[in-house]
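Here the structure is laid out as structure tokens; the discussion comes afterwards.
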Amino acid sequence: MKPLRRALLTLSMSALAVSGAACQGAMTEDDAMVGEATSYLTVAEETGDIGAEASGGESDAEVDELAGDASELPSMPDEASGVCDLEGRRQKVLAAYDGDGDGKLGPAERVQLKRDLEARVGHPVAARFAIRHRVHVLKRLKWAFDENGDGSLSNDERTAMVDAMEARCLRLRAAVLEKFDANKDGALDAAEKQAAKAALQAKVQALKQAVLTKYDANGNGVLDDGERLALRSDRIAAFKAKRAEVVARFDANGDGRLNDTEKLALKHAIQQRVAEGKDAE
């Protein structure tokens with residue numbers, strides 16, 4: 001087992017122990033693929049830029065592409081509840097790919113999911129679940145766990161992502177519980193869950209309004225082509241500034257760029273932050 005894989009598993013098991021759940025051990029390829037898609041769907045509900053430090057490994061072309069994805073107005077996924085819910089998202093993923101409704105993935109359904117996860121152009125999973133405004137976040141998460149840099153996740157890499165997301169989700173759920181468990185009974189009732197959802201809705205709406213206030217020059221409540229271009233230009237500048245900051249931190253040999261070894265160190269740092277619940281807002 002790789003050292004970081006072991007560390008992530010330790011973090012996950014520690015969080016599971018706190019929750020009273022049990023670690024299920026090694027994952028089948030099907031479970032790992034569903035877990036990868038579930039991870040994307042789950043982080044799409046967050047408002048922070050999970051994996052933002054992945055900018056250190058992006059080329060100018062990739063920065064340009066990600067800025068285009070990020071130029072859409074923030075919006076809240078229909079199923080978002082304000083509570084990190086991996087099992088709920090997992091069931092949604094299964095429902096989306098389980099064409100015959102038998103509760104599991106058959107050969108053709110498995111092929112379709114794998115094709116969507118490994119697509120080199122666009123992000124079919126994001127398109128399927130209408131979360132295009134978060135594509136840049138999903139791509140950065142994938143990059144962080146793609147240790148060999150081949151553009152897709154192996155079963156081990158997918159399993160590491162799922163372990164990290166399990167640890168992350170449990171920590172975020174604990175934070176929500178601490179904030180919204182008004183009667184302190186250790187669980188969220190319907191009213192408390194609604195309060196958590198309302199808080200998330202308010203946060204997303206505030207983010208949207210901040211973008212409109214800055215870029216909606218004609219005040220029509222949407223971003224026209226020229227306004228979207230201005231937002232995109234600023235996002236490119238922000239991504240490049242972040243990239244310069246990250247490269248400066250991980251460029252061990254001081255040559256001004258990240259080589260494969262330095263990129264791997266960066267990926268490991270991001271994986272650790274994911275498991276620890278960092279960069280979640």
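The values are calculated or read from the model by the stated rules, or taken from the named source; none is laboratory data. This is a predicted model, so every value here is computed, not measured. Neighbour counts are summed over all protein chains in view; Cβ atoms, including those assigned to glycine, are modelled from backbone coordinates with ideal geometry.
For a quick check of your reading of the model, give me the residue pairs whose first member lies in segment 28-42 and is buried (at least 23 other Cβ atoms within 10 Å of the Cβ), whose second is aromatic (F, W, Y), with beta-carbon atoms closer than 7 Å and at least 6 apart or on different chains.
Going by the 7 Å Cβ cut-off, the qualifying pairs are L41/F129.
Could you check segment 185-214 and list, in sequence order, the residues that are in contact with a Ser or Thr (Cβ under 9 Å, 6 or more places away or on another chain), over 12 Å from L73 (Cβ atoms) and of a type in the set (D, E, K, R)?
Within segment 185-214, K193, K197, K203 meet the criteria.
Kindly indicate which of E65, E79 is surrounded by fewer than 20 Cβ atoms within 10 Å (Cβ to Cβ), modelled with pLDDT under 90 and part of a helix (DSSP H, G or I).
After ruling out the rest, the residue left standing is E65.
Being charged (D, E, K, R) and either buried (at least 16 other Cβ atoms within 10 Å of the Cβ) or in a helix (DSSP H, G or I) (or both): is that true of R171 here?
Numbers: charged (D, E, K, R): yes; either buried (at least 16 other Cβ atoms within 10 Å of the Cβ) or in a helix (DSSP H, G or I) (or both): yes.
Yes: the conditions hold for R171.
Residue pairs, Cβ under 8 Å, 6 or more apart or interchain, first in segment 215-228 and closer than 18 Å to A70 by Cα, second polar (S, T, N, Q) and assigned to a loop (DSSP other than H, G, I, E, B). List them.
So the pair list comes out as L223/S71; D224/N218; E227/N218; R228/S71.
Which residues, taken from segment 181-194, are in a helix (DSSP H, G or I) and either aromatic (F, W, Y) or surrounded by fewer than 16 Cβ atoms within 10 Å (Cβ to Cβ) (or both)?
A190, A191, Q194
Can you name every residue in segment 146-168 that is farther than 21 Å from D85 by Cα and either hydrophobic (A, V, I, L, M, F, W, C) or surrounded by 24 or more Cβ atoms within 10 Å (Cβ to Cβ) (or both)? Don't jump to the end; show me each part of the working.
Step one: filter segment 146-168 for residues farther than 21 Å from D85 by Cα, giving 146-157.
Matches in segment 146-168: L153 only.
Just the residues that are in a loop (DSSP other than H, G, I, E, B), among the hydrophobic types (A, V, I, L, M, F, W, C) and surrounded by fewer than 18 Cβ atoms within 10 Å (Cβ to Cβ), please, taken from segment 231-258.
A252
Name the pairs: first residue in segment 118-133 and surrounded by 15 or more Cβ atoms within 10 Å (Cβ to Cβ) and basic (K, R), second residue part of a helix (DSSP H, G or I) and at pLDDT below 85, Cβ to Cβ under 7 Å, at least 6 apart or on different chains?
R132/D69
Just to be sure before I move on: is A206 closer than 19 Å to G48 by Cβ, of a type in the set (A, V, I, L, M, F, W, C) and exposed (fewer than 13 other Cβ atoms within 10 Å of the Cβ) in the structure I sent?
Working: closer than 19 Å to G48 by Cβ: yes; of a type in the set (A, V, I, L, M, F, W, C): yes; exposed (fewer than 13 other Cβ atoms within 10 Å of the Cβ): yes.
So A206 fits the description; yes.
List every residue pair whose Cβ atoms sit under 8 Å apart, with the two residues 6 or more apart in sequence or on different chains, where the first one lies in segment 267-281 and is without any contact (Cβ under 8 Å) to a residue 24 or more places away in the chain and in a helix (DSSP H, G or I) and the second, anywhere, is surrounded by 17 or more Cβ atoms within 10 Å (Cβ to Cβ) and of a type in the set (A, V, I, L, M).
Between residues of segment 267-281 that are without any contact (Cβ under 8 Å) to a residue 24 or more places away in the chain and in a helix (DSSP H, G or I) and residues that are surrounded by 17 or more Cβ atoms within 10 Å (Cβ to Cβ) and of a type in the set (A, V, I, L, M), there is no close pair.
Which residues, counting only those in segment 101-160, are of a type in the set (D, E, K, R), touching a Lys or Arg at 6+ places or on another chain (Cβ under 9 Å) and not in a helix (DSSP H, G or I)?
D146, E147
Of the residues in segment 158-189, how many are free of Cβ contacts under 8 Å to residues at least 40 places away in the same chain, acidic (D, E) and within 17 Å of A280 (Cβ to Cβ)?
Residues meeting the conditions: 1.
Identify the single condition in (1) among the polar types (S, T, N, Q); (2) in a helix (DSSP H, G or I); (3) loosely packed, with under 13 Cβ neighbours inside 10 Å that N220 does not satisfy, given that it satisfies every other one.
In the conditions (1) among the polar types (S, T, N, Q); (2) in a helix (DSSP H, G or I); (3) loosely packed, with under 13 Cβ neighbours inside 10 Å, N220 misses (2) alone.
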